[in-house]
Structures are given as C-alpha cells and as structure tokens.
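Q: Below is a structure I'd like to ask you about.
The values are calculated or read from the model by the stated rules, or taken from the named source; none is laboratory data. All values derive from a computational prediction rather than experimental measurement. Cβ placement follows ideal geometry from the backbone for every residue including glycine, while neighbour counts extend to all protein chains displayed.
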Amino acid sequence: MSNLFPISRFSKTLTYKIACIASLSCLSFSSWAFTFNDVVTKAEKLSKKAYVQPSKNIPSELSSLQFADYQKIYFKHDKAYWNDRKSRFKLEFYHEGMYFDVPVKINEIVNNQVNEIKFDPDYFDLSSVHLENLDTKKLGFAGFKVHYPINNPTKTDDEIFTALGGSYFRAVGKDQRYGLSARGLAIDTGEMSGEEFPRFKEYWIERPEPNQKHLVIYALLDSQSVTGAYKITLVPSIDTTVTVEAKVFFRNSVKKLGIAPLTSMFLYGPNQPSPLLNYRPAMHDSNGLSIVTKNEWIWRPLNNPKRLSFSSYSLENPKAFGLIQRDKGFDDYQDLDDHYELRPSVWVEILNDWQKGRVELVEIPTADETNDNIVTFWVPEKQYKAGDVLDVKYRLHYSLNEQQRYPKNEARAETTRLSLGDIKQANLIRKLDGSNAYVIDFVGPNLSEQKPVKIISSINNGSIVSCDSQYNSVTKGWRVIVRFNVEDNKKPTDIRLQLASATTGEILSETWSGQFPAQ
Amino acid sequence: MKISNILTYAIVSILAAGCVKNNTSSTNGKIEVDQLTILKQRSEQNNPFVVNAKKQLLQLVGDNHFDSYITKHGILNCKDDSNQSSCVLNFYLNQYYKLKYDIQLKKVIEENQAEHKIELTKINPTEGNVKNYCQWSADFVEAVYTNDIDNINIRYQPLFKMSVQDMATLKAKILKDNYSHFLIDENPSILQEMRADFMEKCLSSPKDNIINYINIFR
C-alpha cells in the first residue's frame with residue numbers, strides 16, 4: 001500500500017524521526033512520576049546559585065499581631081483540602097502574620113502531576129482580629145497543618161501535624177497535645193556568630209488514597225549555607241512517626257551543623273524547683289535528654305540554667321536520642337490549661353550510619369514557658385564545606401510510652417529531685433550540712449529488694465559527701481541519695497551514677513548524668 | 001489277659017485311631033485344593049473376564065489368603081455348575097463388590113466418628129468465648145505479622161487447632177499484605193491500631209474471622 005504514495009527519502013526520515021520522538025515522549029510521560037529525586041535535583045541546582053534572602057510581603061496590620069491574635073485567624077474547616085474526598089487526611093493552611101511574613105509554595109501531587117495549591121483569602125476568616133476588610137489577595141500561605149481521625153475514627157478534624165516557620169514542624173499521636181518541635185536542620189546554634197535558620201521554601205504533598213494511613217511530604221530547604229531535599233513520611237497512630245530522609249548540599253562551610261534538631265521547653269521541675277512559689281510542681285515540654293549508644297543508656301535531666309549551657313556526649317554510630325517527658329501524670333503538673341502530661345516524648349531513631357560525632361544539648365535561660373529554651377541535635381565530627389553533600393535518614397517517634405523502649409534489664413531514673421543535703425542528728429532532728437543532694441528513684445523490672453545494689457559514681461567540679469541507696473517499697477525500685485559539695489559555683493557540676501548488682505557487679509540501670517547548674 | 005496288656009492295647013488303639021483321623025483330614029484338604037486348582041484353571045481358560053475379575057478381588061483380599069478366602073466363601077459350589085466360567089465370574093464379581101462396599105462403609109463410619117469427636121471438642125460460641133477467641137486471634141495475627149515464631153508454634157498454632165496447611169495459608173495471606181508491613185516498619189505502634197481494628201471486625205462478625213472459627217465453635 002505504501003508504494004501507492006510517492007514518499008521521498010526526506011519525508012521517510014522525517015516520519016521515522018517524528019514517530020521516534022512521539023513514542024519516546026509517550027514512554028517518558030507514562031513512566032514519569034514526581035519523586036524525592038526531583039526535589040534532590042532542585043536542591044542541587046539551587047545550591048549552585050547564590051542565596052536569595054526571601055522578601056517579606058505582609059502589611060503592618062498583620063506583622064504587628066501578637067501571638068494570641070495571630071492564633072485567632074481562623075481557617076474555615078469546610079474549606080479543608082481533600083474535604084470532598086474519602087481520604088482520612090485533610091489539609092488546612094496557615095495565614096501569614098506576625099513573624100511568619102514570608103510565603104511558602106505548597107503543591108499537591110495528583111496522578112504524578114504537580115498542581116500548585118493557590119492561596120485564596122476565602123480560606124480564612126480574619127474577623128476575630130478585625131482585619132476582614134484587609135486586602136490579602138497577594139499574600140501566600142505561611143505553612144500548613146494535617147488533620148486525621150487519630151482519636152476517634154468518626155471524628156476527622158484532629159490536628160496531627162503542623163509545619164510553620166523556618167524548617168519547624170510538630171506532630172502528635174493518639175491522645176497527645178503538641179509539645180516540642182522538630183526542625184529540618186540547625187546551623188550554628190548557640191554560636192557567637194549567630195544562628196542561621198534554614199527554611200522550607202516549597203512543599204509537595206502527595207494526595208493520599210482513600211484508605212491510605214500515611215502521608216508523604218517533600219520539602220525544599222534553603223539557607224545562606226545549605227540547600228536540602230527532604231522526604232517526610234508521616235504515619236499517625238498511637239505513637240505517631242515521622243520518617244525524615246534528607247540530602248543536604250552545602251553552599252558554604254558550616255561551623256556547627258545540627259542534625260535532627262529538637263527544640264523544647266524546660267522552665268522548672270523537681271530536679272530544679274521554681275524559685276517562685278507556684279502551685280504547679282513542674283512546667284516543661286520535656287524533662288530529660290536520653291541517649292542510646294551501643295551499650296549504654298544515658299539520662300540527662302534538663303535544667304533552666306542561669307547562664308547559657310552546652311553539654312556534649314561524644315559517640316560513634318549512635319542508635320537513638322531524644323527529649324523525653326518522663327513525668328506522665330496530671331499530679332506531676334496540675335495544669336488544667338496546658339496539660340503537660342499529654343505532651344509527647346520524641347525519640348530520634350537513627351536509620352543510617354552517622355559515624356563519629358556528638359549529641360549536643362543547649363540549655364538557654366528563660367523566665368517563662370513561652371520560650372523554647374532547650375535544643376538538642378547531632379553534630380557530626382566531619383566539617384562540611386562548600387560542595388559537600390550529606391545524606392541522613394532518621395525516624396521521630398512521638399510517644400507517651402517512652403518506658404516501652406527500655407530493655408527489661410535497664411532500670412530508669414524515674415524521678416530526680418534536688419534538695420539541700422542534711423544529716424539526722426541523735427535527737428532525730430535533720431540538720432542541713434551545707435551540701436546539696438540529688439534524690440533519684442530508679443525503677444525497672446530487674447530491680448527488687450532481694451537483689452542488693454551498689455552505686456557507681458563520679459563527679460567533676462566538686463566532691464561527693466555521701467552516696468546511699470535505699471529500697472523504695474512504693475516504686476519497687478531503689479532510691480539513691482547523693483550528697484555533694486560544689487568546688488567552683490560559677491561552673492556546672494557534673495555527676496554520674498549507675499546502679500550495679502552488689503553481688504555480681506552487673507550494671508542494672510541507665511547512667512544518670514545530672515548537671516548541677518552554675519550559679 | 002492282664003490288666004496292663006488291656007491298657008496298652010487300648011492306648012495303641014486310640015493312637016492308631018487318631019492317626020487315621022489326621023490322615024483323612026489332610027486328604028480332604030488336598031482334594032479341595034486340587035478341586036480349586038482345577039476349577040480356577042478351567043474357568044480362566046480363554047476367559048479374560050474371569051482373569052480380570054480374579055485380579056480385582058486379589059487386590060482387595062491379598063495373595064496370602066486368597067485361596068482360603070474364596071474356598072471359605074463357596075467358590076467350590078461352582079464345580080458342579082454347567083457353566084463353570086460364568087459361575088466363577090459371578091462369584092468373583094459378587095465378592096469384589098461386597099468387599100469394596102464393606103471397606104467404603106467402614107471408612108465412612110470412621111470419618112463420622114472422627115467428625116463426631118471433633119464436634120465434641122468444639123466450644124459454645126458464648127459472648128465470653130467469642131471475646132476471648134477474638135482477643136487471642138488478634139494476638140495470633142500480630143505474632144504472624146511480627147514473625148514471632150516461638151509464640152506462633154508453641155502457643156497459637158495448637159490453641160487454634162491450625163493444621164500445617166492452615167498455617168501456610170494464613171502466613172501467605174499476611175505475607176502478601178505489603179502495605180501493612182510497610183506501615184509496621186514505619187511505625188511499630190500501628191500494630192496496636194491494627195489489633196484494635198481486627199478485634200472490632202472479629203466481634204462484629206466472628207464467623208468471618210480468618211482464624212479457624214469453624215473448627216473451634218459449634
């Protein structure tokens with residue numbers, strides 16, 4: 001049949017070429033899907049360009065809002081994204097305002113297509129802050145939040161994840177309230193040169209299938225020193241998990257890199273009681289840093305120091321660390337508004353080889369509970385410079401049951417109380433002896449009255465006056481009272497304690513690594 | 001004649017009579033065997049139907065007792081029949097079907113007895129029993145998802161009377177559930193949620209539960 005048509009050699013070649021291009025484009029179109037690699041490519045390209053400081057775009061009426069007013073800007077729930085679908089997940093968005101003054105681009109991935117979710121003033125009700133007549137058409141989103149029926153299968157408006165400001169995000173599990181925040185990356189935290197705050201400038205969120213129980217979010221990180229591609233997999237449940245896979249590209253060398261940063265608040269607690277009379281026994285989102293190494297569990301009670309404090313734990317290939325809310329009962333806090341007992345502990349489970357480095361804890365003095373004054377992160381030993389690439393993968397566990405992670409042969413320091421040291425006199429009256437004391441209750445299934453313990457202890461910047469153990473029949477564990485004197489009260493005093501079997505010497509507990517702050 | 005001579009004579013007479021009696025019985029048996037051999041040869045000669053029927057019966061009766069079996073059941077009645085082949089064929093076939101029927105009957109009775117025994121071991125589906133069943137089957141499924149081999153083999157497989165085949169089917173079904181495995185890897189606490197969902201479904205419709213309901217409850 002083709003012989004019936006006069007086809008020149010040129011047109012034959014052209015036909016073949018068109019056919020080839022058409023089939024190739026069909027092939028590539030059908031196999032194309034937006035993946036983590038697309039964000040990696042964007043991050044890499046961005047790292048080769050000079051950093052551009054994002055410009056603020058909000059009017060003074062919005063930038064001058066106080067936090068309580070900003071919270072009154074109401075997202076209309078009936079306009080929640082995916083509300084019209086059978087998806088368990090729904091998206092809502094944050095309005096710009098206060099210091100959230102730079103818009104972020106948010107995209108939805110549907111059937112491998114990327115669609116930008118455009119800002120629409122009609123999503124929001126600003127009447128509570130009397131700004132309903134403000135022209136906000138040219139603004140953008142400040143961030144987003146995710147809803148999921150976590151507490152009750154029929155109730156779909158439980159907020160379980162929020163991403164707002166810089167690279168900050170928070171999550172909760174079942175019956176939890178928002179507590180500490182995580183960040184994508186920390187740079188130069190606590191350095192004299194000032195901290196750099198990388199920000200997620202663009203998000204891509206995969207639209208979930210109706211029965212899907214996880215949500216995938218991609219994010220592009222940008223700052224003066226780095227760019228990064230992030231894949232964040234959110235699995236809400238009794239404990240919610242957030243798996244973070246990141247590839248970071250360095251524009252410049254970084255003095256102190258903080259991986260998997262957690263930011264929390266510790267105002268006071270039994271290990272450092274409030275200097276002012278307060279009916280609340282404790283106010284904190286976390287009360288200890290826990291670190292798991294190959295063969296040791298370390299517990300460091302948090303402080304609200306009088307001076308900026310840095311503590312470091314040098315490790316090789318760590319397993320996990322986290323900021324823990326160890327006191328879990330309402331009685332521990334007595335706060336009907338803030339319910340600190342419902343704020344989750346967050347464990348960082350490390351999923352690739354982090355080699356040598358240190359877990360750093362930064363404690364910043366604070367006078368009230370509105371400041372996040374606790375920061376912890378992993379600092380790799382390697383110094384990263386321009387052109388370097390870093391791959392990290394870790395999983396955050398938001399849990400109210402941190403004790404379930406402990407092996408049965410590892411007793412935990414359940415409570416730490418600070419006291420003035422005293423001695424009982426012959427007339428049975430206790431007399432202060434000028435020392436300080438920590439009273440630590442260790443509990444665990446491996447402890448019993450029938451198995452006597454001994455205490456392994458050490459101190460720097462001071463001396464231990466006495467270190468006694470006593471069986472606690474209430475907790476079914478052992479109480480340790482360590483009395484100590486401080487050598488130089490302008491420096492912190494570090495004390496380490498472990499319980500060991502009095503008969504075999506076997507270690508029975510985590511290492512309690514307390515710090516008496518500088519005065 | 002002395003008394004001792006009379007006694008000796010009597011004993012010898014008794015022994016001699018005994019010997020004569022034994023010889024007569026042996027002779028009769030030999031005659032029957034000969035008759036049987038002749039009957040079998042004659043009836044099978046040029047008659048493949050008889051040969052095949054005999055082979056069929058042989059399979060059920062066995063080689064060792066075949067001749068005594070057919071003799072006992074009256075094959076020799078055919079020796080005076082005008083059509084010996086037809087009579088023998090009829091005998092073989094009758095015996096074959098009778099035996100086959102007996103065997104099948106025995107098998108059915110045995111199976112019924114086994115089922116009856118199983119029925120007796122089943123429990124009543126009371127609310128409490130079903131609740132326990134659902135709880136334990138949720139534990140069991142969780143153990144399969146987490147590959148808790150000790151608990152599966154020692155505790156749950158016997159508890160739920162799961163055969164090797166049942167276990168293989170359950171494991172294959174759970175192995176194919178890639179999405180749940182992905183979720184468990186990402187978030188181990190999702191197992192508690194899955195357990196709660198499983199319990200809810202089981203309690204609302206226990207007969208549809210995947211764990212051997214029919215072999216546990218009446």
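Q: Scan region A:74-122 for residues that are over 14 Å from A:Ile205 (Cβ atoms), touching a helix residue (DSSP H, G or I) at 6+ places or on another chain (Cβ under 9 Å), surrounded by 19 or more Cβ atoms within 10 Å (Cβ to Cβ) and free of Cβ contacts under 8 Å to residues at least 60 places away in the same chain and jot them down.
A: The answer is A:His95, A:Glu96, A:Gly97, A:Met98.
Q: Taking the stated definitions as given, is A:Ser458 part of a loop (DSSP other than H, G, I, E, B), surrounded by fewer than 19 Cβ atoms within 10 Å (Cβ to Cβ), touching a strand residue (DSSP E or B) at 6+ places or on another chain (Cβ under 9 Å) and small (Gly, Ala, Ser)?
A: no
Q: Just checking, which of A:Pro445, A:Pro365, A:Pro452 is assigned by TED's automatic domain parsing to the domain that holds A:Gly173 and surrounded by fewer than 17 Cβ atoms within 10 Å (Cβ to Cβ)?
A: Answer to the selection: A:Pro365.
Q: Scan region A:183-204 and tell me whether some residue there is under 30 Å from A:Gln53 (Cα atoms), crowded, with 20+ Cβ neighbours inside 10 Å, within 14 Å of chain B (Cβ to nearest Cβ) and among the aliphatic types (A, V, I, L, M).
A: no
Q: Can you say whether A:Tyr398 is hydroxyl-bearing (Ser, Thr, Tyr), modelled with pLDDT under 95 and surrounded by 14 or more Cβ atoms within 10 Å (Cβ to Cβ), as far as the supplied structure shows?
A: For A:Tyr398, the condition - hydroxyl-bearing (Ser, Thr, Tyr), modelled with pLDDT under 95 and surrounded by 14 or more Cβ atoms within 10 Å (Cβ to Cβ) - is not met.
Q: Tell me yes or no: at least one residue of region B:180-197 is farther than 30 Å from A:Val244 by Cα, touching an Asp or Glu at 6+ places or on another chain (Cβ under 9 Å), within 14 Å of chain A (Cβ to nearest Cβ) and not aliphatic (A, V, I, L, M).
A: No, every residue in region B:180-197 fails to be farther than 30 Å from A:Val244 by Cα, touching an Asp or Glu at 6+ places or on another chain (Cβ under 9 Å), within 14 Å of chain A (Cβ to nearest Cβ) and not aliphatic (A, V, I, L, M).
Q: Please find, among A:Gln425, A:Gln383, A:Gln404, the residue that is within 25 Å of the chain's Cα centre (by Cα), farther than 18 Å from A:Asp285 by Cα and free of Cβ contacts under 8 Å to residues at least 12 places away in the same chain.
A: A:Gln404
Q: Also: How do the strands (runs of 3 or more DSSP E) wholly within region A:131-173 filter down when requiring 1 or more residues that are basic (Lys, Arg), touching a Pro at 6+ places or on another chain (Cβ under 6 Å) and in the same structural domain as A:Gln71 (by TED's automatic domain parsing): which remain?
A: In region A:131-173, no matching strands (runs of 3 or more DSSP E) lie anywhere.
Q: Filter region A:218-242 down to residues that are among the hydrophobic types (A, V, I, L, M, F, W, C), within 14 Å of chain B (Cβ to nearest Cβ) and assigned to a strand (DSSP E or B), then give me how many there are.
A: So the answer is 4.
Q: If A:Glu245 satisfies every condition in (1) more than 14 Å from every other protein chain (Cβ to nearest Cβ); (2) touching a Lys or Arg at 6+ places or on another chain (Cβ under 9 Å); (3) part of a strand (DSSP E or B) but one, which is the exception?
A: For A:Glu245, the exception is condition (1).
Q: Return yes when A:Ile374 is farther than 21 Å from A:Asn304 by Cα and either at pLDDT 95 or above or in contact with a helix residue (DSSP H, G or I) (Cβ under 7 Å, 6 or more places away or on another chain) (or both) and no when it is not.
A: So A:Ile374 fails the test.
Q: From the list B:Asn124, B:Asn132, B:Asn153, B:Asn147, which residue is out of contact with any Ser or Thr (no Cβ under 8 Å at 6 or more places or on another chain) and over 30 Å from B:Asp185 (Cα atoms)?
A: Every option except B:Asn124 fails the conditions.
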